[in-house]
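Right, one structure below, let's go through it.
Every number here is computed from the coordinates shown, using simple stated rules; none is lab data. On a predicted model such as this, the values are computed, not experimentally measured, just so you know. Because the Cβ atoms are built from the backbone with ideal geometry, glycine has one as well, and the counts that use them run over all protein chains shown.
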């Protein structure tokens, strides 16, 4: 292993990470499904280069929040400003074009395709060969395939999944599927990466691996990360700032230490004594 | 250890992304191509060429086309027969309206010009005119297929299949109802005019079976290569992504509209080509009887039995559906002298047909139970067994 990678965590943290400008700001977002308010007046921001955690009990609206950010749901009220532009309605594939990547709570891989093809699919927006060039597999189409294959192999190396390169992902164990899904999201070279419970259902060792990949992606590629996670140990360790949701409302927002001590958060997680 | 990857090392991504990665595979495909292009035409009878091999190859193109749509992109279609019909009728209209390249220029400019007929590298380019006609008809079919693919943007699965039935009934009705499509032929059947390609007559009643067979063989190889190329590139991966998980596909930047419509267009192009060949090379006439809903089902069965989402499966499925009934018929008829020698009653013609249906049906059920993923998967499993033989683990 190279010495730089073996450096202690504290040193690495001081080396490259710089939290910068506001990358994404959500303002007074309200999302309703019929009479049910999934999100009510949510505002927070995500800064360039940070790891931002979104936590909250089940049904708090965390996944809905991510779906709003990448255009899958359209909120009834509120504004979203991404990279300085306040946007109108946006389709998910347009969000992808603007650099918002995403993984899912329930793995959403392309099950009939191999690991390699899944991650190659993540490069779709970076490939521009015409249809006819692809039919004959000459010229630009072939050059692109080879160039992007090299890029994808770097991600495969990064995630240490070389051995399963040519296996159909449907047959892989759960932990590896999660890793392939992260690989597919990284292949899009996102500016903002939304991770929906990347460690759900994993054992301790798999969680540690996944944490390492997330931290490395954040450091080496400078990817801004917003993640939903239930494991409080993980959240408190790796995130820079935490926003807490409950019943579609924002309870708290701040550094892990601030959030940990917030009485409203403790109430939401542990219950309130009514005596 | 008869067939293995061990010892084959690729040192470049280009080698690793080749269609046939193993030397064994390359030798095998070269062998089969020589057999198909040289050995068979020299050895087998005209009956085998005309009634077995040519229809098998044409239907393989149709199966490739439907496989693009259903196997790779996951959009179910029952309109195959109609798009084959469209390919046939459009080829007929183009071939009769524009018998040559100079006719096209004449109709565009209004001036009849006697074009020079140059010879380049031993080929007269204008003798490829029929190929241009086929491509033109395929493109028209692609556009119509794209239009009938529009419901796929909102509707999925069986419901989409029902909307493609609309194409099947509407187009066939149109070709019966509007005599313009058959150039006002009284019986509604348009005879295929004779056309040559590279100096060889490939269509029309008088064209030799060998010419037709080689023509279809060449087009089938090109179609298979095109499908293989497209499916290992960006477009193919977009199709499969839409098939496997459309929401995730959209969230990494694939536009479902473009992916689905391009699948409909490319699929219809190939199916239209198959329909044109069926009319011009197989049955020598363009008529709606050849393109009924049964053809749609037949091609769908080929794709399902052969293997969804594989090029090999399209060929295996077409061979199974086209050849099995004919071979069963020949086999059962051949039993008759033996039965008579034993003093048993011989099979009547109708009886042979019934037994043929029963065995064919039983075989379909057998193969789908043994391997629901199709014959192509059986071949994969066989390869795996060969790989580990004689010490399976």
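Taking Cα pairs under 8 Å and at least six residues apart, what relative contact order does chain A come out at, in percent?
Computed over chain A, the figure is 26 percent.
Please arrange A:211, B:221, B:73, B:233 by counting, for each residue, the other beta carbons lying within 10 Å of its beta carbon, fewest first.
B:221, A:211, B:233, B:73
Nearest 0.05, what FRET efficiency do residue A:76 and residue A:138 give at R0 = 51 Å with Cβ-Cβ as r?
About 0.50, to the nearest 0.05.
Counting other beta carbons within 10 Å of each residue's own, what order do A:86, A:191, B:91, B:257 fall into, fewest first?
A:86, B:257, A:191, B:91
Identify which of B:337, B:209, B:99 has the largest mean-square fluctuation in a Gaussian network model of chain B, with springs joining Cα atoms closer than 10 Å.
Between B:337, B:209, B:99, it is B:337 that shows the largest mean-square fluctuation.
In nanometres, what is the gap between the two model label sites at residue A:126 and residue A:87, each 7 Å from Cα along Cα-to-Cβ?
Taking the two extended label points, one gets 2.0 nm.
Which FRET efficiency value, to the nearest 0.05, is calculated for residue B:166 and residue B:107 with the Förster distance at 35 angstrom and r the Cβ-Cβ distance?
After rounding to 0.05, the efficiency reads 0.60.
Output the Kirkwood hydrodynamic radius of the range A:109-188, Cα pairs only, in Å rounded to one decimal.
It is 12.9 Å.
Looking at the protein assembly as shown only, what percent of DSSP beta bridges run antiparallel? Nearest 5 please.
60 percent
What value, in deg cm²/dmol to 500, does the helix sum -39500 (n - 2.57) over DSSP H runs of n ≥ 4 give at 222 nm once divided by the residues of chain A?
For chain A, the value works out to -11000 deg cm²/dmol.
Where a ≥ b ≥ c are the square roots of the eigenvalues of the C-alpha gyration tensor, would you call the range A:55-213 rounded, which needs a/c under 1.5, or, failing that, prolate if a/b is larger than b/c, or oblate?
oblate
How do B:193-203, B:285-295 rank on mean C-beta neighbours within 10 Å, highest first?
B:285-295, B:193-203
Mind sorting B:278, B:389, B:379 by how few other Cβ atoms lie within 10 Å of their own Cβ, fewest first?
Fewest to most other Cβ atoms nearby, the residues stand as B:389, B:379, B:278.
Tell me, what is the percent relative contact order of chain B, built from C-alpha pairs under 8 Å that lie six or more residues apart?
29 percent
At a threshold of 8 angstrom on Cα-Cα distance, excluding pairs fewer than six apart, so keeping six or more, what relative contact order does the range A:109-188 reach in percent?
Worked out over the range A:109-188, it gives 55 percent.
Taking a ≥ b ≥ c as the square roots of the eigenvalues of the Cα gyration tensor of chain B, is the shape rounded (a/c under 1.5), prolate (a/b larger than b/c) or oblate?
Rounded is the answer for chain B, as its axis ratio a/c remains below 1.5.
Would you please state which residues of the range A:77-98 a label at residue A:43 would reach in this model, taking the label point 7 Å out along Cα→Cβ and a backbone N cut-off of under 19 Å?
A:77-88, by backbone N distance to the label point.
Please check: in the Gaussian network model of chain B (C-alpha springs, under 10 Å), which one of B:304, B:242, B:326 has the largest mean-square fluctuation.
B:326
What residue among A:204, A:195, A:182 shows peak mean-square fluctuation when chain A is described by a Gaussian network model with Cα springs under 10 Å?
A:204
Would you compute, from DSSP H runs of 4+ residues alone, the mean residue ellipticity of chain B at 222 nm, taking -39500 (n - 2.57) per run and dividing by the full residue count, rounded to the nearest 500?
-20500 deg cm²/dmol
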